[in-house]
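The values are calculated or read from the model by the stated rules, or taken from the named source; none is laboratory data. Model, not experiment: these values are computed from the prediction. A quick note on method: Cβ atoms are made from the backbone with ideal geometry, for glycine too, and the neighbour counts reach across all protein chains shown. Only protein heavy atoms, including side chains, enter the accessible area calculation; ligands, DNA and RNA are left aside. Shrake-Rupley method; radii C 1.70, N 1.55, O 1.52, S 1.80 Å.
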Amino acid sequence: AQSVTQPDIHITVSEGASLELRCNYSYGATPYLFWYVQSPGQGLQLLLKYFSGDTLVQGIKGFEAEFKRSQSSFNLRKPSVHWSDAAEYFCAVVSTGGGNKLTFGTGTQLKVEL
Amino acid sequence: EPEVTQTPSHQVTQMGQEVILRCVPISNHLYFYWYRQILGQKVEFLVSFYNNEISEKSEIFDDQFSVERPDGSNFTLKIRSTKLEDSAMYFCASSNAGAETQYFGPGTRLLVL
């Protein structure tokens with residue numbers, strides 16, 4: 001069965017610092033990977049996705065992620081964090097057969113210190 | 001930009017009561033989903049729906065749950081007899097192809113007392 005691991009439950013960074021959120025997946029075939037962000041009391045907003053091709057993908061709000069098949073990872077990065085980036089971040093993988101369900105990681109709560 | 005909408009935003013109900021959560025997916029999308037997130041936990045898949053039938057459902061989606069697309073625009077999740085443990089945020093999502101990006105609604109927070 002597919003699974004997603006986000007090893008960091010909480011991360012605190014200073015505004016302007018760089019950010020990397022880790023995501024590891026387990027999936028038998030080529031994964032379709034996503035990062036979503038959830039602000040308090042809000043729904044899930046798509047940041048970026050990887051389906052195929054260039055392993056470095058760009059997303060909204062200055063985020064990028066790199067797919068590394070050898071490490072089964074899809075880490076999210078941002079060169080300079082803004083206070084408004086404080087939120088919970090979820091990595092997810094979609095099954096490409098059957099019902100196309102998304103399997104989410106447990107999330108990483110990002111706190112930004114001013 | 002088209003978006004998924006959900007109503008109500010909050011619902012409080014008594015244990016044993018039926019609730020219907022409503023969603024309007026993005027208009028040209030063909031695949032529909034329900035997920036839930038219990039407070040402090042990760043988002044969990046409930047069910048996917050395509051061509052007027054369930055494509056896949058999780059173990060959570062037992063006989064107390066049902067989904068329906070009653071018309072060309074709405075997609076509903078019914079919980080027939082709510083339990084305390086059904087308290088959660090319920091998210092609807094839609095996509096225009098099978099493994100394509102799923103766009104999420106803002107959620108309905110359900111509280112079962």
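Go through the stretch B:22-38 and flag every residue whose accessible area shrinks by 20 Å² or more with all protein chains in place compared to the isolated chain (probe 1.4 Å).
The answer is B:35, B:37.
Sequence-distant or interchain residues sharing an amide H contact under 5 Å with residue A:8, placed H: which?
Hits under the 5 Å cutoff: A:22.
Show me, for the stretch A:104-110, the HN-Hα J-couplings you get by feeding each phi into the Karplus relation (A = 6.51, B = -1.76, C = 1.60, θ = phi - 60°), rounded to Hz, glycine and proline as x.
9, x, 7, x, 10, 8, 9
Return the sequence-ordered ³J(HN,Hα) values of the stretch A:70-81 in whole Hz as given by the Karplus equation 6.51 cos²θ - 1.76 cosθ + 1.60 applied to θ = phi - 60°, using x for Gly and Pro.
Values per residue, Gly and Pro as x: 5, 9, 6, 10, 8, 7, 9, 9, 8, x, 8, 7 Hz.
Charges on Cβ only, +1 for Lys and Arg, -1 for Asp and Glu, centred on the Cα centroid of the stretch A:3-113; of A:31, A:84, A:57, which one is farthest towards the dipole's positive end?
Among A:31, A:84, A:57, the one farthest towards the positive end of the dipole of the stretch A:3-113 is A:31.
Do you know the relative contact order of the stretch B:11-113, to the nearest whole percent, from alpha carbon pairs under 8 angstrom that are 6+ apart?
Rounded, it is 38 percent for the stretch B:11-113.
Taking 7 Å along the Cα-to-C-beta vector as the label spot, tell me the residue A:66-residue B:3 distance in nanometres, rounded to one decimal.
Spacing of the two 7 Å Cα→Cβ label points: 3.4 nm.
What accessible surface, in Å², does a 1.4 Å probe find on residue A:111, ignoring ligands, DNA and RNA and rounding to the nearest 10?
Surface accessible to solvent at residue A:111 totals approximately 120 Å².
Relative to the isolated chain, which residues of the stretch B:69-113 have their accessible area cut by 30 Å² or more in the presence of all protein chains (1.4 Å probe, heavy atoms, no ligands or nucleic acids)?
Correct list: B:91, B:99, B:100, B:101, B:102, B:104.
Just the number, please: carbon plus sulfur as a percent of the accessible area of the protein assembly as shown, 1.4 Å probe, no ligands or DNA/RNA counted.
47 percent
Output wanted: per-residue J couplings in Hz (rounded whole) for the stretch A:6-19, from phi through Karplus 6.51 cos²θ - 1.76 cosθ + 1.60, θ = phi - 60°, x for Gly and Pro.
10, x, 9, 7, 10, 9, 10, 10, 7, 4, x, 7, 7, 9
Evaluate peptide A:85-95: per residue, the Cβ atoms of other protein chains within 10 Å of its Cβ; return the mean as an integer.
The shielding value for this peptide is 2.
So what is the relative contact order of the stretch A:3-113, in percent, for Cα pairs below 8 Å that sit 6 or more residues apart?
Once normalised by length, the contact order is 38 percent.
Quick one: length gained pulling residue B:24 to residue B:12 fully straight, 0.36 nm per residue minus the C-alpha distance?
Result for the pair: 2.2 nm of gain on full extension.
Between chains B and A, what is the buried accessible area summed over both chains (1.4 Å probe, protein heavy atoms, nearest 100 Å²)?
1700 Å²
Over the protein assembly as shown, how many pairs of lysines fall under 24 Å by alpha carbon, counting only those 8 or more apart in sequence or from different chains?
24
Could you state the accessible area per residue of the protein assembly as shown in Å², with a 1.4 Å probe and every protein chain left in place?
48 Å²
Rank-order B:100-111, A:7-18 by packing density, defined as the average count of other C-beta atoms within 10 Å over each peptide's residues, highest first.
B:100-111, A:7-18
For the stretch B:69-113, what does the relative contact order come out to in percent, with C-alpha contacts under 8 Å and a separation of six or more?
39 percent
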